[in-house]
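Structure first, commentary second.
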Amino acid sequence: MKTIVLTGASDGIGAAAARQLSAPSNRLILVGRSAEKTRAVAEETGATWFTADFARLDDVRALAAQITDAVGDSGIDVLANNAGGIFGDPTPTVDGFEKTMQVNHLAPFLLTHLLLPALLRSRGAVVNTSSIAHRLFGHLDVDDLDNARRFSPNKAYGDAKLANVLFARSLHTKFHADGLSAVAFHPGTVQTNFASDSSSIMRLLYRTPLKHLMLIGADKGGATLRWFIEGTPDETWFSGAYYDERVLTTKVNPQVDDAALAEALWQRSAALTGIRP
Ligand SMILES: NC(=O)c1ccc[n+]([C@@H]2O[C@H](COP(=O)([O-])OP(=O)(O)OC[C@H]3O[C@@H](n4cnc5c(N)ncnc54)[C@H](OP(=O)(O)O)[C@@H]3O)[C@@H](O)[C@H]2O)c1
């Protein structure tokens, strides 16, 4: 039996993957923000479910405690950090951070750390849903993760998705020798609820009839996420790598290869989320 924790499971790519992963051989633990939507997907798939708003780090801490309790000694085989999105103005969260960076990176960073003992017990894998936006719009400055100097929704989103890639790479560097694997991927340009809360130009693509021409269906994006979740690390995909859908690609943001930046991001994220070294 494989224990799979999947965030962003109440809608879009995550919900599609959850439906495809529903099988007696999988123990699914689904996480969403909306209780109503998460319960509906959990009922359909026979999963355990929890809710948390990633814009509140205390919710993430409570979620990690609930998941740890639910899995007991059995460990976690896969943590899929899939919740995320692009948002509007730079409204700070209750924790004082810019929302895009917190929901897409700081919250999953914290959740992953709190679940690390269970992941290491199972020699598990962390799968981060990143985006091609990491390459198109990302340019990280660890001294300004909030983009306080000059904010745009696209830049904030690109930075957060670049952080997903660097985080997977750092998990690999630090823990692969202990059996943990990590990967980041772009799921395709997928017709979901994505960009519904955003003032970004991307709204045009995702929220107008253009979507029928330009975007792939949620089932296809979900199938790609499923492929990573069900895959065997270092056979199906390489730990530490970034994939464009299922294709290993060298088309990455140049900052992806900056090991010092990856380490600085790790240290800064740990300090901001209260993780001790
Ligand atoms: N669609 C694309 O073309 C595309 C392309 C590249 C990458 N991605 C990435 O794919 C992932 C899934 O997105 P999607 O396209 O499936 O979008 P979606 O349909 O909007 O689903 C987003 C999921 O994330 C959850 N979520 C959003 N804000 C949250 C918060 N504050 N706290 C906790 N959960 C939150 C949502 O929960 P509720 O519904 O319960 O609020 C939902 O389950 C995201 O990381 C996104 O960046 C998408």
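The values are calculated or read from the model by the stated rules, or taken from the named source; none is laboratory data. All values reported here derive from a predicted model rather than from experimental measurement. Quick reminder, even Gly has a Cβ in these numbers, built from the backbone with ideal geometry, and neighbours come from all protein chains shown.
In the range 173-231, which residues are assigned to a loop (DSSP other than H, G, I, E, B), polar (S, T, N, Q) and either under 15 Å from the mean Cα position of the chain (by Cα) or more than 16 Å from residue 104 (Cβ to Cβ) (or both)?
189, 191, 199, 208
Out of the range 143-172, which residues are more than 16 Å from the ligand (Cβ to nearest atom), in a helix (DSSP H, G or I) and not hydrophobic (A, V, I, L, M, F, W, C)?
Correct list: 143, 144, 169, 170, 172.
Please identify the pairs in which a residue from the range 114-133 that is at pLDDT 95 or above and of a type in the set (Ser, Thr, Tyr) has its Cβ atom under 7 Å from the Cβ atom of a residue that is in a strand (DSSP E or B) and within 16 Å of the ligand (Cβ to nearest atom), counting only partners at least 6 apart or on another chain.
Close Cβ pairs (under 7 Å, with a partner that is in a strand (DSSP E or B) and within 16 Å of the ligand (Cβ to nearest atom)) amount to 129/81; 129/185; 130/184; 130/185; 130/186; 130/242; 131/186.
Can you pull out the residues in the range 1-34 that are under 19 Å from residue 126 (Cβ atoms), near the ligand (Cβ under 9 Å from one of its atoms) and in contact with an Asp or Glu (Cβ under 6 Å, 6 or more places away or on another chain)?
Matches in the range 1-34: none.
Against the condition surrounded by 13 or more Cβ atoms within 10 Å (Cβ to Cβ), touching a Gly at 6+ places or on another chain (Cβ under 6 Å) and within 23 Å of residue 18 (Cα to Cα), how does residue 237 come out, does it pass?
Judged against the criteria, residue 237 is a match.
In the range 192-202, which residue that is surrounded by fewer than 17 Cβ atoms within 10 Å (Cβ to Cβ) and of a type outside the set (Val, Ile, Thr) is farthest from the ligand (Cβ to nearest atom)?
199
This table checks each residue for (1) in contact (Cβ under 8 Å) with a residue 24 or more places away in the chain; (2) out of contact with any strand residue (DSSP E or B) (no Cβ under 7 Å at 6 or more places or on another chain).
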{"residue": "199", "(1), (2)": "yes, yes"}
{"residue": "207", "(1), (2)": "no, yes"}
{"residue": "226", "(1), (2)": "yes, yes"}
{"residue": "242", "(1), (2)": "yes, no"}
{"residue": "257", "(1), (2)": "no, yes"}
{"residue": "260", "(1), (2)": "no, yes"}
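Output yes when any residue across the range 107-114 is more than 17 Å from residue 125 (Cβ to Cβ) and either within 11 Å of the ligand (Cβ to nearest atom) or part of a strand (DSSP E or B) (or both), and no when none is.
Yes, because at least one residue in the range 107-114 is more than 17 Å from residue 125 (Cβ to Cβ) and either within 11 Å of the ligand (Cβ to nearest atom) or part of a strand (DSSP E or B) (or both).
If you check residue 77 against the conditions, is it in contact with a Ser or Thr (Cβ under 9 Å, 6 or more places away or on another chain), over 26 Å from residue 272 (Cβ atoms) and at pLDDT 95 or above?
Taking the combined requirement at face value, the residue satisfies it.
Working only within the range 74-106, note down all residues that are out of contact with any strand residue (DSSP E or B) (no Cβ under 9 Å at 6 or more places or on another chain) and among the charged types (D, E, K, R).
89, 95
Residue 42 passes all but one of (1) away from the ligand (no atom under 11 Å from the Cβ); (2) in contact with a Phe, Trp or Tyr (Cβ under 8 Å, 6 or more places away or on another chain); (3) in a strand (DSSP E or B); which number fails?
(3)
Taking the criterion of being in contact with an Asp or Glu (Cβ under 6 Å, 6 or more places away or on another chain) and within 16 Å of residue 273 (Cβ to Cβ), would at least one residue in the range 136-155 satisfy it?
yes
When you scan the range 243-262, how many residues do you find that are within 20 Å of residue 101 (Cα to Cα) and touching a Ser or Thr at 6+ places or on another chain (Cβ under 7 Å)?
So the answer is 1.
Being over 18 Å from residue 81 (Cβ atoms), within 16 Å of the ligand (Cβ to nearest atom) and not basic (Lys, Arg), is that true of even one residue in the range 173-191?
yes
If I filter the range 47-57 for residues that are near the ligand (Cβ under 8 Å from one of its atoms), surrounded by fewer than 22 Cβ atoms within 10 Å (Cβ to Cβ), under 21 Å from residue 155 (Cβ atoms) and of a type in the set (A, V, I, L, M, F, W, C), do I get at least one hit?
yes
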